[in-house]
Each structure stands twice: as structure tokens, then as C-alpha cells.
1. Any residue in region 69-90 that's free of Cβ contacts under 8 Å to residues at least 24 places away in the same chain and more than 16 Å from L49 (Cβ to Cβ): show its pairings with residues that are of a type outside the set (K, R) and surrounded by 14 or more Cβ atoms within 10 Å (Cβ to Cβ) at Cβ separation under 6 Å, as long as the two are six or more apart or on different chains.
2. For region 3-113, which helices (runs of 4 or more DSSP H) that fit wholly inside it have 3 or more residues that are out of contact with any Phe, Trp or Tyr (no Cβ under 8 Å at 6 or more places or on another chain) and either at positive phi or modelled with pLDDT of 80 or more (or both)?
3. Report, by residue number, each residue of region 49-97 that is acidic (D, E) and within 17 Å of V26 (Cα to Cα).
Amino acid sequence: MKYSKLELARQAIKHKGFIKKIPDIVRMLNYWRKGKYPVNTLDLLLPVLGLIYVISPIDLLPEIAIPVLGVADDLAVLSLALPKLLKEVDRFLLWEAGHVAGMQNVSDAEIID
């Protein structure tokens, strides 16, 4: 069975409400870019770079040359990038709720899956 990168990405983001969290991701990146949301830069950039890698036509293992492994590397990157990004979005939503409510003395919260 042949899969395109776009179809793999579509299937991967369909679960766990990723589409619903896109506005939250954009808001989180805007707060981070303005310096208002304190987060480790790698915690944001690695998942975003992973998603860009999956969507881009440039590939370490091309699907044309190695069909099964070419798809497997994309799935591996998605399986690492999406959970990390969604976890960071959940942290951001907790931070945003506390920040908007004026609870600026909350220093850290742990997301439990």
C-alpha cells in the first residue's frame, strides 16, 4: 500500500484533537516570540521542525527509493514531534489561564497523560 506524506500527516494529526489546538499553537508561538511565554526554545522548535520535516519534500529516506522505510522515518518523526508539541500546548494553556487570571505566582505545573 502506498502512502503519501500528506496523507500520513493528515492521519497523524487527526487524533487527539490536534486540529482544534492549532489556534492555541499559533497563540503560544506569538507569546513566545514576544518574550511573554517562558519556555525552553528547544521544546518549541524541535516539534515544529519535525512537522516541517514530515511535510517537506526533502527526506533522509525518500519514499520513491525505499518505499517502506521512507514512510517509517516520517511516522517516527511524527510520533516524537506531535506528543511533545501537544504537551507543550497544554502547559501553555495552563500558563495562559493563570496569567489571564492574575495568578502570576504559579511557577510550574505538570501535565499528566
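1. Matching pairs, first to second residue: L69/L61; G70/L61; G70/E63.
2. 18-34, 41-55, 67-100
3. Step one: list which residues in region 49-97 are acidic (D, E), which gives 59, 63, 73-74, 88, 90, 96.
Across region 49-97, the qualifying residues are E88, D90, E96.
The values are calculated or read from the model by the stated rules, or taken from the named source; none is laboratory data. None of these values were measured; they are calculated from a predicted model. Backbone-built Cβ (ideal geometry, glycine too); neighbour counts: all protein chains shown.
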